[in-house]
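Before any comments, here is the structure.
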Amino acid sequence: MKILVVEDEHRIASYIKKGLELKSNVVDVAHDGQEGYDLASSEGYDVIILDRMLPRMDGVSICKNLRSEGIHTPILMLTAKVEVAERVEGLDAGADDYLPKPFAFAELLSRVRALARRPKQLEQTVLAVGDLKLNTINYEVVRAGIKIDLSKKEFALLEFLLRHKGKIMSAEQIIEQVWSYDSEALPNTAQVYIGYLRNKIDKAFPKAKRLIQTVRGFGYKISG
């Protein structure tokens with residue numbers, strides 16, 4: 001998944017980012033409300049983790065603005081405020097769930113997964129093409145009944161291609177969605193990782209159909 005964390009406390013933001021990345025997620029971080037709003041309104045995220053009290057634009061305002069623009073990315077709001085009225089205000093503004101501070105990371109992770117599994121994505125927890133299957137819950141990849149070990153970035157890249165099965169994705173689109181917006185990844189990084197994936201899911205199965213295809217001048221696609 002690609003997740004946006006909007007949190008002005010750098011220690012907490014770093015803690016959340018590191019924990020989520022250990023679970024094979026791509027994580028962008030914004031440390032003030034305006035930056036968070038700009039990212040949330042211009043990039044595609046699966047879940048937004050949003051602090052309520054932020055400089056430049058508070059979490060409630062961010063929620064209202066995103067929902068008024070038709071952006072319905074699930075939002076988990078973090079808050080030090082525990083009063084019922086405060087929680088109701090956030091939910092009425094468009095937040096999908098609330099988590100008070102301090103919190104256990106295991107609970108935050110569980111809530112993020114629950115938001116990502118809401119009805120529109122229920123059928124996407126297992127992605128497949130041909131005899132290749134990827135499970136987004138247990139991070140297992142199998143082809144022809146054989147388990148394939150992938151690095152975190154290889155898994156994220158394969159998931160991205162499978163979610164756009166049959167569509168040509170440019171190197172720029174791959175970098176934008178699989179790497180963080182502030183990473184130093186270059187377009188040829190996508191080519192390198194496509195090569196890594198090919199070695200593991202195509203070349204390792206010489207008698208099977210090649211699944212990853214290069215469309216010269218345009219990008220890459222996966223199809224069965």
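How large is the charge dipole for the stretch 2-120, taken about the Cα centre, if only the Cβ atoms of Lys, Arg (+1) and Asp, Glu (-1) carry charge, to the nearest 20 debye?
500 debye
Could you list which residues have their amide H under 5 Å from that of Ala30, counting only those 5 or more apart in sequence or on another chain, with H placed in the peptide plane?
Here the answer is Val5, Val6, Glu7, since their amide H atoms fall under 5 Å of that of Ala30.
Once you've got the GNM for the chain with C-alpha springs shorter than 10 Å, pick whichever of Gly130, Gly19, Gly70 has the biggest mean-square fluctuation.
Highest fluctuation of the listed residues: Gly70.
Quick check for me: using +1 on Lys/Arg Cβ and -1 on Asp/Glu Cβ, what's the dipole size of the chain about its Cα centre, in debye to the nearest 20?
Magnitude of the dipole: close to 1500 debye.
For the chain, build the charge dipole from Cβ charges (+1 Lys, Arg; -1 Asp, Glu) around the Cα centre, then report which of Ala93, Ile3, Asn199 sits farthest towards its positive end.
So the residue furthest toward the plus end is Asn199.
Taking 0.36 nm per residue of sequence separation and subtracting the Cα-Cα distance, how much length would be gained by fully extending the chain between Lys209 and Phe105, in nm to one decimal?
33.3 nm
Of Lys64/Lys133; Lys2/Lys209; Lys133/Lys167; Lys2/Lys101, which ones are farther than 27 Å apart at the Cα?
Too far apart for the 27 Å limit: Lys64/Lys133; Lys2/Lys209.
Only bridges with both residues in the chain count here: give the DSSP antiparallel percent, nearest 5.
About 50 percent, rounded to the nearest 5.
Pick from Asp96, Asp32, Asp131: which is most flexible by mean-square fluctuation in a GNM of the chain where alpha carbon atoms under 10 Å apart are linked?
Answer for the Gaussian network model of the chain: Asp131.
Once both axes come from the Cα atoms, what is the angle between helix 84-93 and the longest principal axis of the chain, in degrees from 0 to 90, rounded to 10?
Computed tilt is about 50 degrees.
Where in the chain is the longest stretch that carries no GluC sites (Glu not before Pro) classed as loop by DSSP and with at most 16 other Cβ atoms within 10 Å?
Value returned for the longest uninterrupted segment is 84-183.
Charges on Cβ only, +1 for Lys and Arg, -1 for Asp and Glu, centred on the Cα centroid of the chain; of Gly166, Gln177, Ile48, which one is farthest towards the dipole's positive end?
Gly166
For the chain, take N as its residue count and report Rg(C-alpha) divided by 2.2 N^0.38 Å.
In units of the 2.2 N^0.38 Å rule of thumb, it is 1.09.
What does the charge dipole of the stretch 22-84 about its Cα centre add up to, to the nearest 20 debye, if the Cβ of each Lys and Arg holds +1 and the Cβ of each Asp and Glu holds -1?
Here the stretch 22-84 has a charge dipole of around 220 debye.
Of Ile146, Ile222, Leu39, which is farthest towards the positive pole of the chain's charge dipole, taken about the Cα centre with +1 and -1 on the beta-carbons of Lys, Arg and Asp, Glu respectively?
Result: Ile146, furthest along the dipole toward the positive end.
Which of these, Val141, Val26, Val129, has the largest mean-square fluctuation under a Gaussian network model of the chain (Cα springs below 10 Å)?
Val129
Sort the stretch 2-120 into rounded, prolate or oblate with this rule: let a ≥ b ≥ c be the square roots of the eigenvalues of the Cα gyration tensor; rounded if a/c is under 1.5, and if a/c is not under 1.5, prolate when a/b is larger than b/c, oblate otherwise.
rounded
How many angstrom separate the Cα center of the stretch 93-153 from the Cα center of the stretch 180-224?
Each part reduced to its Cα centre gives a spacing of 22 Å.
A short reminder: the numbers here are calculations on the coordinates, not readings from a lab. Keep in mind that what you see is a predicted model, and the values were worked out from it rather than measured. Ideal geometry is used to build each Cβ from the backbone, glycine not excepted, and the neighbour counts take in all protein chains shown.
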